[in-house]
1. Name the residues in the stretch 8-21 that are over 17 Å from residue 198 (Cα atoms) and either touching a residue at least 40 places away in the same chain (Cβ under 8 Å) or not in a loop (DSSP other than H, G, I, E, B) (or both), would you?
2. Going through the stretch 46-69 one residue at a time, which ones are near the ligand (Cβ under 8 Å from one of its atoms) and within 16 Å of residue 160 (Cβ to Cβ)?
3. In the stretch 22-55, which residues are outside any loop (DSSP other than H, G, I, E, B) and more than 24 Å from residue 259 (Cβ to Cβ)?
4. Looking only at the stretch 96-116, count every residue that is on the phi < 0 side of the Ramachandran plot and either within 14 Å of the ligand (Cβ to nearest atom) or surrounded by fewer than 15 Cβ atoms within 10 Å (Cβ to Cβ) (or both) and tell me the total.
5. Filtering the stretch 76-95 down to residues that are part of a loop (DSSP other than H, G, I, E, B) and within 16 Å of the ligand (Cβ to nearest atom), which residue is surrounded by the most Cβ atoms within 10 Å (Cβ to Cβ)?
6. Out of the stretch 163-186, which residues are closer than 23 Å to residue 251 by Cβ, out of contact with any helix residue (DSSP H, G or I) (no Cβ under 8 Å at 6 or more places or on another chain) and more than 12 Å from the ligand (Cβ to nearest atom)?
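The values are calculated or read from the model by the stated rules, or taken from the named source; none is laboratory data. Only a predicted model underlies this, so the values are computations on that prediction, with no experimental measurement involved. Cβ placement follows ideal geometry from the backbone for every residue including glycine, while neighbour counts extend to all protein chains displayed.
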Ligand SMILES: C[S@@+](CC[C@H](N)C(=O)[O-])C[C@H]1O[C@@H](n2cnc3c(N)ncnc32)[C@H](O)[C@@H]1O
């Protein structure tokens with residue numbers, strides 16, 4: 001079996017362009033808007049923010065990879081956003097997009113989709129420009145550290161979003177529980193936590209390289225979140241995208257969307 005990558009391999013082996021091109025062009029829109037489709041994931045976030053009660057406008061995304069899609073629904077509410085990511089090539093890709101460099105990944109479809117779904121008459125171009133302005137920093141982070149932001153100590157945030165990062169970063173259940181506790185220190189009491197997680201995934205393939213994922217079930221994730229000091233935990237489970245040959249790319253059995261409020 002091919003070597004399984006994790007940890008510092010995200011700085012060296014992880015192919016940022018292959019990741020973006022595979023997941024956010026081909027796989028993301030293969031489900032025609034139904035469960036498992038990437039647009040459906042954005043819809044869940046749009047609905048969540050519409051109904052949620054929260055205060056403040058400071059948001060932290062942890063382990064963004066080279067992506068910004070998760071910030072699009074949130075940017076209707078949070079105007080001061082910090083992106084934290086372990087790997088420099090991923091941070092560089094986000095910064096390239098902020099600077100609107102010609103070879104940055106094109107997220108316009110995602111902005112267009114979110115604005116249309118929200119139905120507030122906002123143009124996707126203005127939303128895109130706003131998000132570029134709202135991102136105040138793209139900084140390193142390591143969820144295994146007691147302070148994941150290291151020297152970049154910042155005031156606690158009003159909300160944290162993390163998407164398929166913890167299961168990639170953690171090699172066992174104990175380190176997953178610790179990682180949730182570590183990121184929780186970055187959140188204000190009463191703050192929101194949003195987690196996207198794969199379910200029971202043990203690997204995923206990017207550009208021919210195999211990456212580790214920690215197989216987790218929903219019950220374990222809910223308990224880890226509870227143990228880290230959250231209440232009002234809500235989850236939605238749905239299938240992986242119906243992409244032809246998906247079983248060769250990853251072995252996830254489903255996806256979990258979890259929201260919770262820090263005590
Ligand atoms: C599967 S990617 C998810 C990227 C993105 N959030 C998404 O939804 O597409 C996993 C991410 O976790 C990051 N990661 C790996 N180890 C980490 C660690 N110790 N601390 C923080 N992030 C880490 C990787 O660099 C990578 O960007």
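1. Going residue by residue through the stretch 8-21, those that are over 17 Å from residue 198 (Cα atoms) are 8-18, 20-21.
Matches in the stretch 8-21: 9, 10, 11, 12, 13, 14, 15, 16, 17, 18, 20, 21.
2. So in the stretch 46-69, the residues near the ligand (Cβ under 8 Å from one of its atoms) come out as 61-67, 69.
Listed by number, the residues that qualify are 61, 62, 63, 64, 65, 67.
3. Going residue by residue through the stretch 22-55, those that are outside any loop (DSSP other than H, G, I, E, B) are 22-27, 38-51.
Correct list: 22, 25, 26.
4. So in the stretch 96-116, the residues on the phi < 0 side of the Ramachandran plot come out as 96-99, 101-116.
Next, from what is left, pick out any that are either within 14 Å of the ligand (Cβ to nearest atom) or surrounded by fewer than 15 Cβ atoms within 10 Å (Cβ to Cβ) (or both): 97, 99, 101-103, 105-108, 110, 116.
Adding up the residues that qualify gives 11.
5. We begin by selecting, within the stretch 76-95, every residue part of a loop (DSSP other than H, G, I, E, B); these are 76-79, 86-87.
Then keep just the ones that are within 16 Å of the ligand (Cβ to nearest atom); that gives 86-87.
Working: 86: 24, 87: 21.
Among those that are part of a loop (DSSP other than H, G, I, E, B) and within 16 Å of the ligand (Cβ to nearest atom), it is 86.
6. 172, 174
To keep it simple, each residue is scored yes or no on (1) at pLDDT below 95; (2) within 11 Å of the ligand (Cβ to nearest atom); (3) not in a strand (DSSP E or B).
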| site | (1), (2), (3) |
| --- | --- |
| 154 | yes, no, yes |
| 158 | no, no, no |
| 161 | no, yes, no |
| 223 | no, no, yes |
| 243 | yes, no, yes |
| 259 | no, no, no |
